Amino acid sequence: MQHLIETQQFTREALKELFNVATSLEGKRGQSLKGKILASLFYEPSTRTRLSFESAMLRLGGEVITMENGKESSSQSKGETLEDSIKVVNHYADLIVMRHAEVGSAARAAAVSNVPIINAGDGNMGQHPTQALLDLYTIQRELKREDNIHIAIVGNLKYYRSPRSLAYLLSKYKDIKVTFISSPELRMEEDVKTHLKENNVPFTETEDMITGIRDADVVYQTRIAKEWIKNDEEYEKQRGRYIITRAVADSMKKGAIIIHPLPRVGEIEEAVDASPHAVYFKQIGYGLIVRMALLKTILGGEKKLFRAHKKK
Ligand code: CP
């Protein structure tokens with residue numbers, strides 16, 4: 001049984017294998033997961049992650065039970081512990097996709113679960129491994145290479161789990177360069193920067209977006225998340241600081257791409273959508289096939305594709 005908790009579980013070879021499966025599933029529907037049930041437990045809001053996992057399961061012939069808005073609608077609101085909820089859902093489903101507000105919640109769920117847990121986001125400074133997998137798939141597929149990539153990650157680097165997860169994946173490749181672009185208050189945390197240093201991935205930090213994206217192959221824009229920056233004054237100060245306008249997009253080098261986990265709330269102007277650099281909606285389609293590949297591998301696979309997560 002495989003739990004997917006963090007991106008450190010993947011090797012470069014495993015990523016290649018997973019992405020090959022994803023590509024092979026494009027436009028396909030089948031019955032390989034017939035008889036299997038996915039439970040989506042979402043204690044935080046989601047559009048893409050929950051619906052794409054559910055769509056992926058249905059496209060593979062499986063079935064879905066779902067709990068949205070779990071903070072209010074589940075028995076957590078009556079005081080049930082996460083561990084008890086997981087032990088209960090174990091009787092209903094063959095796999096659980098879970099999003100929760102607490103860092104470490106996915107690992108806690110995995111510790112008591114008899115069915116695989118997929119972390120669909122744990123806390124603002126935790127991880128969102130499946131988002132990072134689809135981000136990496138998008139990058140490699142659009143750029144048509146795995147190595148020699150300069151990525152500029154822009155905006156909310158502190159309270160955003162997806163770029164944290166992506167950084168661990170990028171360190172598997174050669175000649176990767178990272179430019180972190182943010183205000184001093186929203187800089188990337190030290191644990192990720194330490195990992196990049198230990199893996200010889202050069203990175204720089206700057207507040208200047210225009211200079212920072214000039215040579216980038218990938219511009220990874222992020223949202224200033226109101227739900228994670230609890231202080232209204234701080235939120236107002238940060239929002240609107242880094243906006244990709246059409247003029248900014250036009251200043252990017254030929255062949256460079258703009259990606260975003262979405263939702264966006266103004267940090268990429270709609271006028272950018274028609275730019276040849278914009279791939280953030282295409283990225284959604286890639287997300288579906290990467291999640292189909294994950295479900296097929298975890299539930300239907302004969303062999304383990306990724307390592308067990310390290311218990312902390
Ligand atoms: N990117 C992402 O996780 O989107 P949702 O919050 O809509 O799932």
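The values are calculated or read from the model by the stated rules, or taken from the named source; none is laboratory data. Remember, predicted model here, so these are calculated numbers, not experimental data. Cβ: placed from backbone, ideal geometry, glycine included. Neighbour counts: every protein chain shown. In case anyone asks, the SASA skips ligands and DNA or RNA and just uses the protein heavy atoms, side chains included. Shrake-Rupley method; radii C 1.70, N 1.55, O 1.52, S 1.80 Å.
Based on Cα contacts under 8 Å between residues 6+ apart, region 37-133 shows a relative contact order of 29 percent. Each residue of region 3-19 was assigned a 3J(HN,Hα) from its phi angle through the Karplus curve 6.51 cos²θ - 1.76 cosθ + 1.60 (θ = phi - 60°); the sequence is 9, 10, 10, 8, 6, 4, 6, 9, 9, 4, 5, 5, 5, 4, 5, 4, 5 Hz, with glycine and proline shown as x.
Here the Debye sum runs over all C-alpha atoms of region 129-283 as equal scatterers in vacuum, and log10 of I(q)/I(0) at q = 0.16, 0.20, 0.21 Å⁻¹ comes out as -0.83, -1.37, -1.52. In plain terms, the chain from Thr206 to Gln8 could stretch by 68.7 nm, reckoned as 0.36 nm per residue minus the Cα-Cα distance.
The string of couplings for region 235-250 from the Karplus curve (6.51, -1.76, 1.60, θ = phi - 60°) is 4, 4, 5, 8, 5, x, 6, 10, 10, 8, 8, 4, 5, 5, 4, 5 Hz, one whole number per residue in order, with x for Gly and Pro. What a 1.4 Å probe finds exposed on the chain is 50% carbon and sulfur by accessible area, rounded to a whole percent. With all protein chains kept in place, the per residue accessible area of the chain amounts to 44 square angstrom at a probe of 1.4 angstrom. Modelled this way, with points 7 Å down the Cα-to-C-beta line, the labels at Asp84 and Lys282 are 4.9 nm from one another.
Taking amide H positions as modeled 1.01 Å from N, with prolines and chain starts lacking one, the residues under 5 Å from Ala216 and 5 or more places away or on another chain are Lys253. Solvent-accessible surface (1.4 Å probe) assigned to Asp191 amounts to roughly 70 Å². Accessible area per residue was computed with a 1.4 Å probe on protein heavy atoms; Thr23 scores about 70 Å².
Taking a point 7 Å from the Cα of Lys226 along the Cα-to-Cβ direction, the residues of region 240-281 with backbone N closer than 16 Å to it are 240-241, 263-268. About its Cα centre, region 56-199 has a charge dipole of approximately 440 debye under the convention of +1 per Lys or Arg Cβ and -1 per Asp or Glu Cβ, with nothing else charged. Amide hydrogen proximity for Ile259: with H placed 1.01 Å from N in the peptide plane, the residues at 5 or more positions away or on another chain lying under 5 Å are Val219, Tyr220, Gln221. Taking amide H as placed 1.01 Å from N in the peptide plane, Arg187 has no amide H partner under 5 Å among residues 5 or more places away or on another chain. For the set Lys87/Lys193; Lys172/Lys193; Lys34/Lys78; Lys144/Lys296, the pairs lying more than 26 angstrom apart at their alpha carbons are Lys87/Lys193; Lys34/Lys78.
Where a Cα-Cα gap under 14 Å defines reach, which aspartates and glutamates qualify for Lys254, not counting those fewer than 8 residues away within the same chain? Straight-distance partners of Lys254: Glu142, Asp215, Asp217. Overall size of the chain from C-alpha positions, given as principal axis extents largest first: 54, 44, 39 Å.
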